[in-house]
Amino acid sequence: MRSLLLPLSWIYSLVIFIRNKLYDLGVIESNKINRSIGIGNLSMGGTGKTPLTQYLAQWLIENNQVVYILSRGYKRSTNQNILVKESHLSHEVGDEPLMYKKRFKNKINVLVSKNRWLGSVDVKKNNSNAFLLFDDVYQHRKVITDFSIITTPFNDLFVDDMLLPAGRLREPKKNVNRASCILVTRCPESMSQDKITHIKNKLSEYNKPLFFSSISYEAFVCFGEKIREISRVLLVTGIAKNENLIAHIQNTYETTTISYPDHYRYTLDDIKDIHQKFNSFASEHTIILTTEKDMVRMLEFEEYIDTNKLPMYYQPISINVHNEKEFTSLIKEYVGEI
């Protein structure tokens with residue numbers, strides 16, 4: 001099937017080449033943003049950008065920076081620039097921006113803007129010293145950040161993929177040359193030196209600093225009826241890749257799963273269906289567990305959750321960068337004093 005789609009991939013590659021060339025030659029203007037980090041990828045789907053954005057936001061907060069996260073607000077129902085508040089609904093600003101705001105509260109600012117360049121201009125007008133984190137900005141060539149990170153999953157490296165529509169790459173592999181470094185995400189906590197060497201060899205042709213990170217699963221957080229002891233989980237997800245999360249939960253709990261598409265916008269009927277599924281096998285030690293991103297979408301039905309005393313929890317995650325000191329030192333080399 002992939003071979004049949006290759007001619008379309010060649011056409012797509014030509015379009016992307018022409019677009020990037022116009023930016024490279026200055027025919028279409030790019031704009032440099034000082035004190036900024038761009039986070040992105042070459043491929044469609046989940047590659048670990050969101051937990052990396054959270055990691056960098058926390059690092060900047062700890063270094064006393066005024067932090068703004070800029071996002072387009074994927075699948076939101078609004079068009080204008082919006083400074084996100086905790087009281088917003090996910091469909092108004094997007095699930096990830098709202099998740100960032102609810103996690104960090106008044107420690108950060110989150111702005112959703114379809115045009116990240118114009119959004120950043122607004123930010124800098126208000127605070128020229130603000131530090132900007134651009135979420136999913138690699139293909140947004142109007143913006144040039146001080147430092148740019150490409151994320152690629154441990155078990156799904158971009159180097160092994162193909163261009164759309166034959167594969168899932170949004171642009172050719174060689175375009176990683178615009179990045180400052182590559183971060184391999186979702187690595188096992190303990191990686192053999194042979195595996196590290198193997199990945200380094202596969203990515204060596206791009207001549208970019210290479211870092212590795214792994215997921216850290218934190219304690220469940222309740223946003224419904226709290227229960228004392230958990231032995232069984234109904235896991236509900238609407239994310240691009242849930243395999244690692246399922247494997248992690250199954251290590252400890254008897255687990256039943258319900259999977260929806262990435263960024264799925266839940267309806268009240270969906271919540272009722274989940275409730276019915278839960279009731280079909282629930283005991284006093286069973287919870288409904290979801291992800292942090294799904295949680296902010298489900299909160300649109302907080303009244304139903306509270307009225308029916310549903311034991312709703314979410315699984316927060318963070319990342320560990322294996323060679324953290326080298327990683328943050330490299331950022332400082334590009335960005336300057338933090």
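The values are calculated or read from the model by the stated rules, or taken from the named source; none is laboratory data. Computed from a prediction, not measured in an experiment: that's the story for all the values here. Note that we place each Cβ from the backbone using ideal geometry, even for glycine, and neighbour counts take in every protein chain shown.
Here are some notes:
- Scope region 41-52; condition crowded, with 23+ Cβ neighbours inside 10 Å and closer than 22 Å to Ile82 by Cβ; matching residues: Thr50
- Of the criteria (1) touching a strand residue (DSSP E or B) at 6+ places or on another chain (Cβ under 9 Å); (2) part of a helix (DSSP H, G or I); (3) of a type outside the set (Lys, Arg), which one Glu302 fails: (1)
- The number of residues in region 104-132 being closer than 26 Å to Glu218 by Cβ and surrounded by fewer than 19 Cβ atoms within 10 Å (Cβ to Cβ) comes to 4.
- Test: residue in region 92-103 that is on the phi < 0 side of the Ramachandran plot, at pLDDT 95 or above and of a type in the set (Ser, Thr, Tyr): yes
- Selected residue (only one of Ile16, Ile11 is modelled with pLDDT under 95, closer than 23 Å to Thr151 by Cβ, of a type outside the set (Lys, Arg) and over 17 Å from the mean Cα position of the chain (by Cα)): Ile16
- Matching residues in region 21-35 - criterion: being surrounded by 13 or more Cβ atoms within 10 Å (Cβ to Cβ) and among the small types (Gly, Ala, Ser): Ser30
- Out of Ile196, Ile246, one residue alone is out of contact with any Ser or Thr (no Cβ under 7 Å at 6 or more places or on another chain), free of Cβ contacts under 8 Å to residues at least 24 places away in the same chain and among the hydrophobic types (A, V, I, L, M, F, W, C). It is Ile196.
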